[in-house]
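Chemist: Have a look at this one before I ask anything.
The values are calculated or read from the model by the stated rules, or taken from the named source; none is laboratory data. Quick caveat, the model's predicted, so the values are computed rather than measured. Using ideal geometry, Cβ is built from the backbone for each residue, glycine included, and neighbour counts are taken over all protein chains shown. To get the accessible areas, we keep the full protein, side chains included, count just its heavy atoms, and leave off ligands, DNA and RNA. Shrake-Rupley method; radii C 1.70, N 1.55, O 1.52, S 1.80 Å.
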Amino acid sequence: MSPNSDSILSQELSRRTALKALFGTASAAVLFGLPARAHAAEASKETTDKLNAAQAQLDEVQAQLDSIANEYAALANKNAQTLNDIENVQGKIDDTQAQIDEKKAELKKKRNDLSDRVAASYKSGGTNILSLLLASGSFEELVANAHYVEKINKSDRDAIEDIQTIQEELDAQKTELESQKADLEKLKDQQTAQMQDMQAKQQEVQTVLNGLSDDVKELMAQRDSEILAAAQAEEAARKAAAAAAAANKNNSYSGGSSSGGGSYAPGTPQQNAGSGKQQAVVNACYSTPSPGQNWCAAWVTNVFRNAGVGYFGGNACDMFNAWCYSSDRSALQVGMIVADSSHSGTGMPGLIYGHVGIYVGGGIVMSNEGAITSRSLDSFIGFYGTGSGVRWGWLGGIALS
């Protein structure tokens, strides 16, 4: 997540906290940016469309920025390897130079030793060699002694030639290593220039991203205001309806399926429920349409309204924290909500708000995942239980059995 995204998230959470204080937890479904708003508390289509378009563009630019960051990281790794190669080659150059210096010193010593012997022989008039030859008792011994003297001189010459050959080889090796180092230095300079270009491009994209983020935040604030206004109107209408009902001495909740509901379609698989209310919730699960992606708690709210049980607001993590108290499978009953407060499987919405569904019996949990889906309880727990864990309980604390 980028620093700019952190800022947006921080502002949304602050806005959510303030609005909760205004309307109370029971009405948290109307809060800005939550995937669990009340059915009627919606922003205008124009604002929603603009926000969706701006968010899509923001996501596209963020993806471009992420791509640049990944390319930069890969190039930085290559540059680090080049620097290591340069350092290794320089080490070989230093070692080769040390060997060259050693051979030079050895060659100098050999030449000095030979020079000293020649000078000493000259000063003595060559008596040492002459004495060696004159001391020969026979022609054969004379030839052998003369060969010995020649061999000594050849040994000195060979030693000097060997040292010179090694020195020349080392000089060539050093030249080759210096050429390798020069190529690596050139590669390093190219990589550094590429990294600088990518940094400049990254800054340009970040500037665009910041501007788009400001647009998104403004549209979010506008949507927030529209949702709040709609929520206040809905709450006022609800209170007016309740007052009228009280005046008519009709204190029962009429509920029905006036909002997004409908009769249970023949042939749709229904689960056996222990009471009429449980069966009504199951039927409403199959007949209540999806309100859209990331609006899992709004769908649960609509199901319970359509089933005639009552109205319960809040997002998934609100429902989880307030009503989901058990993970004991033997306590799970038809009509209970099944929820978590945070999971990683669906990105930021899941991390912040969690997910909620309804147990319809037979080991099946239905929920809104953009479309209404049916998962086995094990599958639901396996996917949504990666963070806070999954629990269940009666929504609103109203036991339907």
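Chemist: Does the range 80-87 contain at least one residue that is surrounded by 13 or more Cβ atoms within 10 Å (Cβ to Cβ), among the acidic types (Asp, Glu) and under 30 Å from Gln190 (Cα atoms)?
Modeler: Looking for residues that are surrounded by 13 or more Cβ atoms within 10 Å (Cβ to Cβ), among the acidic types (Asp, Glu) and under 30 Å from Gln190 (Cα atoms), one finds at least one in the range 80-87, hence yes.
Chemist: Right, another one. Does Thr346 count as hydroxyl-bearing (Ser, Thr, Tyr), under 22 Å from Ala43 (Cα atoms) and touching a helix residue (DSSP H, G or I) at 6+ places or on another chain (Cβ under 9 Å)? Can you show your working first?
Modeler: On the way: hydroxyl-bearing (Ser, Thr, Tyr): yes; under 22 Å from Ala43 (Cα atoms): no; touching a helix residue (DSSP H, G or I) at 6+ places or on another chain (Cβ under 9 Å): yes.
In short, no.
Chemist: Moving to a separate point now. Check Lys186, Lys181 and return the single one that is open to solvent by less than 60 Å² (accessible area, probe 1.4 Å) and in a helix (DSSP H, G or I). Steps first, please.
Modeler: Details: Lys186 fails: open to solvent by less than 60 Å² (accessible area, probe 1.4 Å).
Lys181 is the lone residue from the list that is open to solvent by less than 60 Å² (accessible area, probe 1.4 Å) and in a helix (DSSP H, G or I).
Chemist: Evaluate the following for Gln203: is it within 30 Å of Lys78 (Cβ to Cβ), part of a helix (DSSP H, G or I), modelled with pLDDT under 80 and open to solvent by 70 Å² or more (accessible area, probe 1.4 Å)? Don't jump to the end; show me each part of the working.
Modeler: On the way: within 30 Å of Lys78 (Cβ to Cβ): yes; part of a helix (DSSP H, G or I): yes; modelled with pLDDT under 80: no; open to solvent by 70 Å² or more (accessible area, probe 1.4 Å): yes.
For Gln203, the condition - within 30 Å of Lys78 (Cβ to Cβ), part of a helix (DSSP H, G or I), modelled with pLDDT under 80 and open to solvent by 70 Å² or more (accessible area, probe 1.4 Å) - is not met.
Chemist: Conditions: (1) open to solvent by less than 20 Å² (accessible area, probe 1.4 Å); (2) modelled with pLDDT under 90; (3) of a type in the set (Gly, Ala, Ser); (4) farther than 28 Å from Glu235 by Cβ. Gly354 meets all but one. Number of the miss?
Modeler: (4)
Chemist: Let me ask something additional. Looking at (1) at pLDDT 75 or above; (2) open to solvent by less than 20 Å² (accessible area, probe 1.4 Å); (3) within 36 Å of the chain's Cα centre (by Cα), which is the only condition Ala36 fails?
Modeler: (1)
Chemist: Could I ask something else about it? List pairs: first residue in the range 79-90 and in contact (Cβ under 8 Å) with a residue 40 or more places away in the chain and under 12 Å from Glu178 (Cα atoms), second residue open to solvent by less than 50 Å² (accessible area, probe 1.4 Å) and in a helix (DSSP H, G or I) anywhere in the structure, Cβ distance under 6 angstrom, at least six positions apart or on different chains.
Modeler: Filtered contacts from the range 79-90: Ile86/Leu184; Val89/Leu177.
Chemist: Might you check whether a residue that is closer than 24 Å to Ile227 by Cα and either in a loop (DSSP other than H, G, I, E, B) or open to solvent by 60 Å² or more (accessible area, probe 1.4 Å) (or both) occurs anywhere in the range 316-338?
Modeler: Looking for residues that are closer than 24 Å to Ile227 by Cα and either in a loop (DSSP other than H, G, I, E, B) or open to solvent by 60 Å² or more (accessible area, probe 1.4 Å) (or both), one finds at least one in the range 316-338, hence yes.
Chemist: Now, a different point. What are the residues in the range 68-104 that are at pLDDT 85 or above and small (Gly, Ala, Ser), if any?
Modeler: Selection gives Gly91, Ala98.
Chemist: Need the failing condition index for Tyr359 against (1) of a type in the set (Phe, Trp, Tyr); (2) within 17 Å of Ala280 (Cα to Cα); (3) in contact (Cβ under 8 Å) with a residue 60 or more places away in the chain; (4) crowded, with 21+ Cβ neighbours inside 10 Å, just the number.
Modeler: (3)
Chemist: Then there is this: Among the numbered conditions (1) without any contact (Cβ under 8 Å) to a residue 60 or more places away in the chain; (2) open to solvent by 10 Å² or more (accessible area, probe 1.4 Å); (3) not hydrophobic (A, V, I, L, M, F, W, C), tell me where His343 comes up short.
Modeler: The number of the failed condition is (2).
Chemist: If you take the residues in the range 366-401 that are assigned to a helix (DSSP H, G or I) and touching a residue at least 24 places away in the same chain (Cβ under 8 Å), which one is surrounded by the most Cβ atoms within 10 Å (Cβ to Cβ)? Lay out the reasoning, then the answer.
Modeler: Kept after step one, since they are assigned to a helix (DSSP H, G or I), are these residues of the range 366-401: 377-384, 395-397.
Add one more test, that the residue is touching a residue at least 24 places away in the same chain (Cβ under 8 Å), and what stays is 377, 380, 383-384, 395-397.
Values: Leu377: 18, Phe380: 24, Phe383: 17, Tyr384: 29, Leu395: 26, Gly396: 18, Gly397: 10.
Among them, the one singled out is Tyr384.
Chemist: Return the residues of the range 342-379 that are under 24 Å from the mean Cα position of the chain (by Cα) and over 12 Å from Cys296 (Cα atoms); say none if nothing qualifies.
Modeler: Ser342, His343, Ser344, Gly345, Thr346, Gly347, Met348, Leu351, Ile352
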